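Asker: I'd like to ask you about the structure that follows.
Each value in this text was obtained by applying a stated rule to the coordinates, not by laboratory testing. In this text the structure is predicted, and so the values were computed from the model without any measurement. Note that each Cβ is placed from the backbone with ideal geometry, even for glycine, and that neighbours are counted across all protein chains shown.
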Amino acid sequence: MIAVFDFVCRLALWVMLAPLLPGLINKVKAWVAGRRGPPVLQLYYDLARLWQKGVVLSTLVSPGFVAGPAVAWVALIGAAMLLPLGPAGVVFGFRGDVLLLIYLLALARFGTTWAAMETGSAFEGMGAAREVSYAVLAEAAMIAAVLTLSVQTGSISLDTMLEPTTGPGAVLLAGGLFTVLLAENCRVPFDDPNTHLELTMIHEVMVLDHSGPPLAVILHGAAIKLLLFSVLLTQAVLPMGDLGPVAAAGALAGGVLAVTAGVGLVESLMARFAFRRVPLLLTTAFLLCLFALLVAWKGGAS
Amino acid sequence: MTPGLLLLFAAAVMAAGIAVGLRWPRAWLGLTLAGTIAALAAAGVVLVGAPDWEWRSAFSVGSEPLHLRLDGLSAMFLVLVSVVGGAGTVYAHEYWPDRLYPESAPRGRAWWSTLLLSLGWVLVSSNGLHFLLGWELFTVAAYFLITLERARPEVRKAGWLYLAASHAGTACLFAFFATLAARTGSWDLGPMREQTGLAPLLWLVLAGFGVKAGLFPLHIWLPSAHANAPSHVSAIMSGVAVKMGVYGLVRFSGWLPVPAAAGWVVLGLGAVSALLGIAFAMAQDDLKRLLAYCTVENVGIILTGLGAAMLGAAHGDAPWGRLALAGALLHVWNHGAFKSLLFFGAGSVLHATGTREMSRLGGLWRAMPWTAGLFALGAMAVAGLPPLNGFVSEWLVYLGLFGAVTARGASAWAALPAAIMLAAAGALALATFVKAATVVFLGAPRSKVADHAHECGPGMRAPMLTLAGVCVVLGLAPVLLWPAVSRAAGAWHPAWAIAEAPAPLFTLGMVQLALAVLAAGAAVWLWRRAHANGVQRGPTWDCGYAAPAARMQYTSGSFGGIASGWFGWLLQPERRLRRPRGPLPTGASRVERIPETVLERLIFPVGDVVLQASTAVRRLQHGRLQFYVLYVVIGLAAIGALVMAGGNS
């Protein structure tokens, strides 16, 4: 009974809190630029409005155009539910659940790119091709990060493997994971969520033809993915094992806020990279995770 | 009934099928299906817990007494042969009928039954000589199936390449079995792990079976053979025949002592095959060639698991080795199911449109909804996505590798790069299959042939549905299969025959089930919600593009361009570009071809040198008698000189 309650609470937490993050990022950006900016809750208003709207479907699309975003959304929620939440731990976990998390993210990618390809539009094909190609490097970096964590703790379940150490390894890991976060969530310098110039985009260009409730589901899924990566990054590098439950929860929330602010600052201070440099940046992220892995290996042996 | 009787029945009806197949297709269908079902039952009886079936007879073939054996490992592969064989039989009945192929269809049926029979024979025979006989029959039967359409030159070429490469492998196997027989004094096969002097023979096993398994860089024959064969043949070649190479590797690495370096080598070759195989697949425009290269990737995953298992067994029977072995064995089944499904789907597309070029297809889902849906399911399975079967086996292999890493032994240095390479290969597989499925089935038709497609009939749909069902069941209830897998693992390494499943497997099955239900529910819910507020239909908006045309869509080449650019050093694409010139350009084109690099850049040049040398030597033979007499004199003089020189010392 308690487990069910726990499950429902977490689900509500993830679903309700996730749309806050893009709003916060936009606030940070507005603050840096000296503007007032949209309200923090803007994404909530957008989602509510989209949910009430009708849809425009291309004559070319199959039912997969709607099913893709739905599958992606379920996959992202599922991945989020696997993550432990600071002092509360996991609602359920098993050996190797971290691999399920990575592959659920892949399933979400399959759903969104499938839906993008439905329209037969060259722009959306371009976005889908970029999404799946850059994910190759991002996934290699992710698995290197996961290997780092399991070398540190000797565990391969999320419940016990997120016990960070301090030192150069944590810094390297934080750098690598933060870069992966930016790439996987299509933020600057990989992608520009503000632009409407289709040729430069990944995520935004894939959803050009979506409207109404399917678009709402895609946007909400993207927000959940951002929150998921922020929570993962925070718990992978911020040691909070010794803190009390309240302090740990506060540290987790603070960490997520710091990551969000970091994304906003990067977005304010940097321009989007040319696409040919994106693989280089992702390779750097991979190398950071790899060096963190070597540091962890050496640290454990001594 | 005992497995022996079932196998006898299966062999009898299959042999009858060879004779009947030449004249009566329906009777052949019934007999072959009965045979595969009986073989499946025999394998099932062994896998659910009956003791191994073993039969020695005084009756001898080739002066060697018959010795047959069906243990957990061969039963596991026999299940694969019978399921894919049965599905392929039904598929072939509609796909390759007498009506369309009056000349080759009867031949095809006879060779098909021969192939199934010889595959079964290879799996149960436990005598080196008989194994080789069955192996050769299987190779030849597959050759005749690949070249069913031998009027086409590229088919003949692919067939010759297959035959030549297979026989290079068979030569290694001849050497292996002959040396084994010479060392042990008998052709009889069985566990001989304690005779440590036999360990170096495993390298011959690796070379001989590696060719058949399509291990990189021995895969040179595989893409053209699988692409040019009729689709039901491609399915059994990719899903089953390639696995015979895997069977040989697993069988003899279990029976023979293993050299210390073998685990490292197999693991390394597996990981490299996985990554490079899928890189080649990503760059293909031919749908069936893409699937063929993807087979190289999946064999790589299987061998990564096997290599990790060998390392685990060598390092004190580590439990992670058992997980990796279970993943490898399960992937044998999984790959058989989804790859055959995908080849059947590709065959159905070929049947409907007459082309395998993805850049000429598109928008087929409307004409072929069943094929599109089932191909999409197969694509998800092969990309290793939850909740389907591909994920379960890849997950087990990963668990094995991660176990090796956390154990922090020497094996970790092999497992670390292998895990990273598998992850990259997994993401590339996703990219490849998003490309294959969406370019072929979604969007607008790119040519007239795609516009006039039609759905395949029930005879082709039923086998696809069956295999899709297998993919779903293996994905949702992996724990049910654990006894079978652990039985086979026990045949490989007796210490690992533990019956109870690792606890996470059950949880994983539950999570996969929940995921499948929720995803389906969410899709229906969103579909209803989208329609609740009214749906407007219009052309693709595309940011306000005025006149979208089908030719503007992203093609397979443009979709794969980014990722295959990273592997340009390996793929070495050949590009021919004709730019538009002048104020009134008449035409422009850009043709890109991805060569089979290992074959065309490595083996062909070497072959050319050999050929040139032989041509040069051949000038000596010209038909002039005087010169021949001169050769004899020179030869005699040389021998004389040699004898004189030898006599002095």
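Asker: Please identify which residues in the stretch A:116-147 have an amide N closer than 13 Å to a label point set 7 Å out from the Cα of B:Cys543, following the Cα→Cβ vector.
Answerer: Within reach of a label on B:Cys543, which here means backbone N under 13 Å from a point 7 Å along Cα→Cβ, the stretch A:116-147 contributes A:121-128.
Asker: Quick one: 3J(HN,Hα) in Hz for the stretch B:473-481, Karplus 6.51/-1.76/1.60 with θ = phi - 60°, rounded, Gly and Pro as x.
Answerer: 5, 4, x, 8, 10, x, 5, 5, 8
Asker: Let me ask you something else. Show me the ranking of peptides B:162-171, A:34-43 by mean Cβ neighbours inside 10 Å, starting with the highest.
Answerer: Details: B:162-171: 18.2, A:34-43: 13.4.
Result, highest mean Cβ count within 10 Å first: B:162-171, A:34-43.
Asker: Amide H neighbours of A:Val56 under 5 Å, at least 5 residues apart or on other chains, H built in the peptide plane: list them.
Answerer: A:Ser211, B:Gln536
Asker: Once fully extended, how much extra length lies between A:Lys298 and A:Met1, figured as 0.36 nm per residue of separation less the alpha-carbon to alpha-carbon distance?
Answerer: Value of the extension gain: 102.5 nm.
Asker: So, one more: Taking a ≥ b ≥ c as the square roots of the Cα gyration tensor eigenvalues, with a/c under 1.5 meaning rounded and otherwise prolate when a/b beats b/c, else oblate, which class fits the stretch B:477-563? Spell out each step's value before the answer.
Answerer: On the way: a/c = 5.86, a/b = 2.03, b/c = 2.89.
It is oblate, given that a/c is not under 1.5 and a/b is not larger than b/c.
Asker: Please report the base-10 log of the normalised intensity I(q)/I(0) for the protein assembly as shown, using a Debye sum with one equal scatterer per alpha carbon and no solvent, at each q in 0.06, 0.07 (1/Å).
Answerer: -0.44, -0.60
Asker: Is it possible to state the helix-based mean residue ellipticity at 222 nm for chain A, with each DSSP H run of 4+ residues giving -39500 (n - 2.57), the sum divided by total residues, to the nearest 500 deg cm²/dmol? What is it? Let's see the in-between values first.
Answerer: Details: 12 runs with 214 residues, N = 302.
Computed mean residue ellipticity for chain A: -24000 deg cm²/dmol.
Asker: Please state the relative contact order of the stretch B:262-518 as a whole percent: Cα pairs under 8 Å, 6+ residues apart? Show your work: numbers first, answer last.
Answerer: Details: 457 pairs, mean separation 62.4, N = 257.
It comes to 24 percent, rounded to a whole number.
Asker: Using a Cα distance threshold of under 27 Å, what count of lysine pairs results for the protein assembly as shown when pairs must be 8 or more residues apart or interchain?
Answerer: Lysine pairs meeting both conditions in the protein assembly as shown amount to 20.
Asker: Which FRET efficiency value, to the nearest 0.05, is calculated for B:Ala182 and B:Ala514 with the Förster distance at 51 angstrom and r the Cβ-Cβ distance? Intermediate values should be presented prior to the final figure.
Answerer: Working: r = 57 Å, r/R0 = 1.13.
FRET efficiency, B:Ala182 to B:Ala514: 0.35.
Asker: Could you work out the local net charge near B:Ala495, counting Lys and Arg as +1, Asp and Glu as -1, over the other residues with Cβ closer than 12 Å to its Cβ?
Answerer: On the way: positive: B:Arg193, B:Arg322; negative: B:Asp317.
Net local charge, B:Ala495 excluded: +1.
Asker: Could you run the Debye sum over the Cα atoms of chain B, one equal point scatterer each and no solvent, and tell me log10 of I(q)/I(0) at q = 0.06, 0.08, 0.10, 0.12 Å⁻¹, two decimals?
Answerer: Listed by q, the Debye log ratios stand at -0.36, -0.62, -0.93, -1.29.
Asker: Could you list the residues of the stretch B:239-259 with an amide nitrogen less than 14 Å from a label point located 7 Å from the Cα of B:Ala175 in the Cα-to-C-beta direction?
Answerer: Once the point is set 7 Å along Cα→Cβ of B:Ala175, nothing inside the stretch B:239-259 turns out to lie under 14 Å by backbone N.
Asker: For the stretch B:521-594, which chymotrypsin sites (Phe, Trp or Tyr not before Pro) are both in a DSSP coil and crowded by at most 14 other Cβ atoms within 10 Å?
Answerer: Details: sites: B:Trp525, B:Trp527, B:Trp541, B:Tyr545, B:Tyr554, B:Phe559, B:Trp566, B:Phe567, B:Trp569; in loops: B:Trp541, B:Tyr545, B:Tyr554, B:Phe567.
When the chymotrypsin sites (Phe, Trp or Tyr not before Pro) of the stretch B:521-594 are filtered for loop state and at most 14 Cβ neighbours within 10 Å, nothing remains.
Asker: Any idea which of A:Ala174, A:Gly96, A:Leu215 is furthest toward the positive side of the dipole for the stretch A:2-301, if Lys and Arg beta-carbons carry +1 and Asp and Glu beta-carbons -1?
Answerer: Result: A:Ala174.
Asker: Hand me the chymotrypsin sites (Phe, Trp or Tyr not before Pro) from the stretch A:1-103 located in a DSSP loop with no more than 15 other Cβ atoms within 10 Å, in residue order please. Walk me through the numbers before you get to the answer.
Answerer: Numbers: sites: A:Phe5, A:Phe7, A:Trp14, A:Trp31, A:Tyr44, A:Tyr45, A:Trp51, A:Phe65, A:Trp73, A:Phe92, A:Phe94, A:Tyr103; in loops: A:Phe92, A:Phe94.
Answer in residue order: A:Phe92.
Asker: Set the Förster radius R0 to 30 Å, insert the Cβ-Cβ distance between B:Ile603 and B:Trp413 as r into 1/(1 + (r/R0)^6), and round the FRET efficiency to 0.05.
Answerer: Numbers: r = 32 Å, r/R0 = 1.06.
The value I calculate is 0.40.
Asker: Something else now. A:Thr166 to A:Ala274: extension gain in nm, 0.36 nm per residue of separation minus the Cα-Cα distance? Numbers along the way, then the final one.
Answerer: On the way: separation 108, 0.36 × 108 = 38.88 nm, distance 3.43 nm.
Extending this stretch completely gives an extra 35.4 nm.
Asker: Rank-order B:62-71, B:186-195 by packing density, defined as the average count of other C-beta atoms within 10 Å over each peptide's residues, highest first. Please list the in-between numbers first.
Answerer: Working: B:62-71: 17.1, B:186-195: 15.0.
Taking the mean over residues of other Cβ atoms within 10 Å, the ranking is B:62-71, B:186-195.
Asker: B:Phe216's amide H: which non-local residues (gap 5+, or another chain) put their own amide H closer than 5 Å, with H modeled 1.01 Å from N in plane and none for Pro or chain starts?
Answerer: B:Ser273
Asker: Using +1 on the beta carbon of Lys and Arg, -1 on that of Asp and Glu, and nothing else charged, what's the dipole of chain B about the Cα centre, debye to 20? Don't skip to the end; give the middle numbers.
Answerer: Working: 44 positive and 27 negative charges, 370 e Å.
Value, rounded to 20: 1780 debye.
Asker: Work out which helices of chain A, taken as complete DSSP H runs, extend at least 18 Å along their axis over the Cα atoms and score a mean Kyte-Doolittle of 0.0 or more, then list them. Could the numbers behind the result be given before it?
Answerer: Values: long enough: A:2-17 (22 Å, 2.07); A:20-33 (20 Å, 0.98); A:64-82 (27 Å, 1.92); A:97-118 (31 Å, 1.27); A:122-153 (46 Å, 1.00); A:168-184 (24 Å, 1.68); A:212-237 (38 Å, 1.62); A:245-269 (35 Å, 1.61); A:278-301 (35 Å, 1.90).
Helix filter hits for chain A: A:2-17, A:20-33, A:64-82, A:97-118, A:122-153, A:168-184, A:212-237, A:245-269, A:278-301.
Asker: At 7 Å along the Cα-to-beta-carbon direction for both B:Ile498 and B:Trp55, put a label point, then send me their distance in nm to one decimal.
Answerer: Result: 3.6 nm between the two label points.
Asker: Under 12 Å from a point 7 Å along the Cα-to-Cβ line of B:Ala645: which residues of the stretch B:586-629 have their amide N that close?
Answerer: none
Asker: From the phi angles alone, apply the Karplus equation (6.51, -1.76, 1.60; θ = phi - 60°) to the stretch B:102-116 and give each ³J(HN,Hα) in whole Hz, x where the residue is Gly or Pro.
Answerer: x, 8, 8, 4, x, 4, x, 5, 5, 5, 4, 5, 4, 4, 4
Asker: Still on this model: Non-local amide H neighbours of B:Val61 (under 5 Å, H modeled in plane, Pro and chain starts lacking H): which ones?
Answerer: Amide H neighbours of B:Val61, under 5 Å, 5+ apart: B:Leu66.
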